[in-house]
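The values are calculated or read from the model by the stated rules, or taken from the named source; none is laboratory data. The structure displayed is predicted, hence computed values, not measured ones. No Cβ is skipped: glycine too gets one built from the backbone with ideal geometry, and neighbour counts run over all protein chains shown. The protein model used for the area step is the full one, side chains on, heavy atoms only, and it has no ligands, DNA or RNA in it. Shrake-Rupley method; radii C 1.70, N 1.55, O 1.52, S 1.80 Å.
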Amino acid sequence: MKNKKVVISIAIIAVVLLGGLGYWYTQIKVPYDNSVKAFELVKKSVLDNNNELEKNIENSELVIKFDKKALNEDLITELESEISVAKDSIVIVPELPKKKIDNDNATKQLSPIKDYTSIINNLNAKTEDVLLSISQLEQLTNPSEEFVISRLEPIEDIIEIKAVTEDNDPNGQLNKAGGYTSAIFFASDKIDQREVSGRDVIDKGTVAGGSIEVYPTVDEAERRNMYLSAFDVGMLSPGSHSTIGTLVIRTSYNLTATQQKELKKKIINELI
């Protein structure tokens, strides 16, 4: 009889233990495991997304690390700002929480997966702008006179183009220290060339339309532009003048202010 009671007791204990184990397995372990799986799936998607954005950020940072000057230095500043925006947008993935409710909350916080498309597009666009501007400056750093002439030829307003030689250089600065490596004069159809004295476009000078002076360095071009500024007011006004790369672009004072501005814009558009 006593043995029978023991057996019954053991059976009851076993049933209780099995019931408790079953409850733990179905009500605690399985839900927790499913919660972990859901978290890990979302985590993987977020990390994959982050990796794509981080690769684009690294590519953009490489352009900054080139440490090359751009024709428009503001574009580099804009790219640096865009890189900061991209870094700040990266979703931080927490460590796996230990409780189911914390898992569920973490999964909800990571969902839906953040879309980086617009951020990546903006970042890549800024990067391309900088690369283009770098190549433009390289293109406009002491270019050949043939290059400059080829860029002036498509401009409709320009009717005659000629590069100076050491024999006919009106300033006597061709290939001299501190001077230009080439100087190209051009005539404009907006100016009555019959009223401009001179045998040809070089002899007429910038008053016939304008000129482009090419210098070895940006500093030399800027010094020349500063020198011309001393004559901006008065009888010796040189017309409009500005630098781009190592070039000094000049337009005739015989053109109206609007015409000078429009012609300079056309020239710069062709050069870049």
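Look at the stretch 129-170 and say how many of its residues are in a helix (DSSP H, G or I) and either within 13 Å of residue 212 (Cβ to Cβ) or of a type in the set (Gly, Ala, Ser) (or both).
Counting residues in the stretch 129-170 that are in a helix (DSSP H, G or I) and either within 13 Å of residue 212 (Cβ to Cβ) or of a type in the set (Gly, Ala, Ser) (or both) gives 10.
Against the condition open to solvent by 10 Å² or more (accessible area, probe 1.4 Å) and touching a Ser or Thr at 6+ places or on another chain (Cβ under 8 Å), how does residue 258 come out, does it pass?
So residue 258 fails the test.
So is residue 76 more than 30 Å from residue 221 (Cα to Cα), in contact with a helix residue (DSSP H, G or I) (Cβ under 9 Å, 6 or more places away or on another chain) and in contact (Cβ under 8 Å) with a residue 12 or more places away in the chain or not?
Taking the combined requirement at face value, the residue does not satisfy it.
When you look at residue 194, is it touching an Asp or Glu at 6+ places or on another chain (Cβ under 7 Å) and open to solvent by 20 Å² or more (accessible area, probe 1.4 Å), yes or no?
no
Output the number of the condition that residue 245 fails; it satisfies all remaining conditions of (1) among the small types (Gly, Ala, Ser); (2) closer than 26 Å to residue 134 by Cα; (3) open to solvent by 40 Å² or more (accessible area, probe 1.4 Å).
(3)
Let me spell it out: the conditions are (1) open to solvent by less than 20 Å² (accessible area, probe 1.4 Å); (2) out of contact with any Pro (no Cβ under 8 Å at 6 or more places or on another chain), and residue 227 meets all of them except one. Which number is the exception?
Among (1) open to solvent by less than 20 Å² (accessible area, probe 1.4 Å); (2) out of contact with any Pro (no Cβ under 8 Å at 6 or more places or on another chain), residue 227 violates only (1).
Out of the residues in the stretch 170-180 that are touching a residue at least 12 places away in the same chain (Cβ under 8 Å) and open to solvent by 20 Å² or more (accessible area, probe 1.4 Å), state the one that is farthest from residue 259 (Cα to Cα).
Here the answer is 178.
I'm told residue 72 meets every condition in (1) in contact with a Ser or Thr (Cβ under 6 Å, 6 or more places away or on another chain); (2) more than 22 Å from residue 47 (Cβ to Cβ); (3) assigned to a helix (DSSP H, G or I) except one. Can you identify the failing condition by its number?
Residue 72 satisfies all of (1) in contact with a Ser or Thr (Cβ under 6 Å, 6 or more places away or on another chain); (2) more than 22 Å from residue 47 (Cβ to Cβ); (3) assigned to a helix (DSSP H, G or I) except (3).
Output the number of the condition that residue 196 fails; it satisfies all remaining conditions of (1) modelled with pLDDT under 95; (2) aliphatic (A, V, I, L, M); (3) closer than 16 Å to residue 272 by Cβ.
Checking residue 196 against (1) modelled with pLDDT under 95; (2) aliphatic (A, V, I, L, M); (3) closer than 16 Å to residue 272 by Cβ, the one that fails is (3).
Among the candidates 106, 183, 163, single out the residue that is open to solvent by less than 50 Å² (accessible area, probe 1.4 Å) and closer than 30 Å to residue 44 by Cβ.
Only one candidate qualifies: 106.
For the list (1) at pLDDT below 95; (2) surrounded by 12 or more Cβ atoms within 10 Å (Cβ to Cβ), I need the number of the one condition that residue 28 fails.
(2)
Got at least one residue in the stretch 132-152 being open to solvent by 60 Å² or more (accessible area, probe 1.4 Å), touching a residue at least 24 places away in the same chain (Cβ under 8 Å) and hydrophobic (A, V, I, L, M, F, W, C)?
No, there is no match, as no residue in the stretch 132-152 is open to solvent by 60 Å² or more (accessible area, probe 1.4 Å), touching a residue at least 24 places away in the same chain (Cβ under 8 Å) and hydrophobic (A, V, I, L, M, F, W, C).
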